[in-house]
1. Go through segment 69-104 residue by residue and tally those that are farther than 14 Å from residue 119 by Cα and either free of Cβ contacts under 8 Å to residues at least 12 places away in the same chain or out of contact with any strand residue (DSSP E or B) (no Cβ under 9 Å at 6 or more places or on another chain) (or both).
2. May I ask you to list the residues in segment 54-86 that are farther than 19 Å from residue 4 by Cα and not in a loop (DSSP other than H, G, I, E, B)?
3. Exactly one of these conditions fails for residue 80: (1) buried (at least 19 other Cβ atoms within 10 Å of the Cβ); (2) among the aromatic types (Phe, Trp, Tyr); (3) more than 18 Å from the chain's Cα centre (by Cα). Give me its number.
4. Using the structure shown, decide if residue 43 is in contact with a helix residue (DSSP H, G or I) (Cβ under 8 Å, 6 or more places away or on another chain) and surrounded by 13 or more Cβ atoms within 10 Å (Cβ to Cβ).
5. Quick check on this structure: which one of 98, 92 is closer than 16 Å to residue 7 by Cβ, touching a Leu at 6+ places or on another chain (Cβ under 7 Å) and surrounded by fewer than 17 Cβ atoms within 10 Å (Cβ to Cβ)?
6. So residue 117 clears everything in (1) surrounded by 16 or more Cβ atoms within 10 Å (Cβ to Cβ); (2) acidic (Asp, Glu); (3) modelled with pLDDT of 95 or more except one condition, right? Which one?
7. Just a yes or no: is a residue in segment 58-70 touching a helix residue (DSSP H, G or I) at 6+ places or on another chain (Cβ under 6 Å) and either among the β-branched types (Val, Ile, Thr) or at pLDDT 95 or above (or both)?
8. Checking residue 65 against (1) surrounded by 16 or more Cβ atoms within 10 Å (Cβ to Cβ); (2) under 27 Å from residue 15 (Cβ atoms); (3) in contact (Cβ under 8 Å) with a residue 24 or more places away in the chain, which test does it fail?
Amino acid sequence: MRHEHRVQLRWSDPDMLGHVNHARALSLLEDARLAMIDGRPGAQLILARLEADYLRQLYYRVDEPLCVRSWVTRLGTKSFTVRQELTQDGEVAIRADVVMVAFDFAANTSRPLTDDERAHWSAYLGG
């Protein structure tokens, strides 16, 4: 299953050329990943790797919501990979692969995914 999340560009997102700054666009992807967590308590994850392809420019337009589609492409013992696509005008503008790692903050180390976490993220497996 794919997770779809609407995001709204902010007035502060574009640069002086009118297109959305690349770093600002990554925060839109983060918003979508946080929505995938769905308010689950104890969601202790860290972002270990982010690879983004900027395929076309994003433009700020007042009141135009964009869509981020996210799904899990790999589910490991301690980590998983999320593919995300941000679209505008029906075209993918940014495609990213994000590796998320289950983390024990008290021990300062990675940890295995719990059965509950594995069940949650496997629902998004394969898209």
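1. Selection size over segment 69-104: 3.
2. To start, the set of residues in segment 54-86 that are farther than 19 Å from residue 4 by Cα comprises 54-57, 59-62, 75-79.
Residues satisfying the conditions are 54, 59, 75, 79.
3. Result: residue 80 passes all but (3).
4. Against the criterion (in contact with a helix residue (DSSP H, G or I) (Cβ under 8 Å, 6 or more places away or on another chain) and surrounded by 13 or more Cβ atoms within 10 Å (Cβ to Cβ)), residue 43 qualifies.
5. Numbers: 98 fails: surrounded by fewer than 17 Cβ atoms within 10 Å (Cβ to Cβ).
Of 98, 92, the one residue that is closer than 16 Å to residue 7 by Cβ, touching a Leu at 6+ places or on another chain (Cβ under 7 Å) and surrounded by fewer than 17 Cβ atoms within 10 Å (Cβ to Cβ) is 92.
6. Residue 117 satisfies every listed condition except (3).
7. Yes.
8. Residue 65 satisfies all of (1) surrounded by 16 or more Cβ atoms within 10 Å (Cβ to Cβ); (2) under 27 Å from residue 15 (Cβ atoms); (3) in contact (Cβ under 8 Å) with a residue 24 or more places away in the chain except (1).
The values are calculated or read from the model by the stated rules, or taken from the named source; none is laboratory data. In this text the structure is predicted, and so the values were computed from the model without any measurement. Note that each Cβ is placed from the backbone with ideal geometry, even for glycine, and that neighbours are counted across all protein chains shown.
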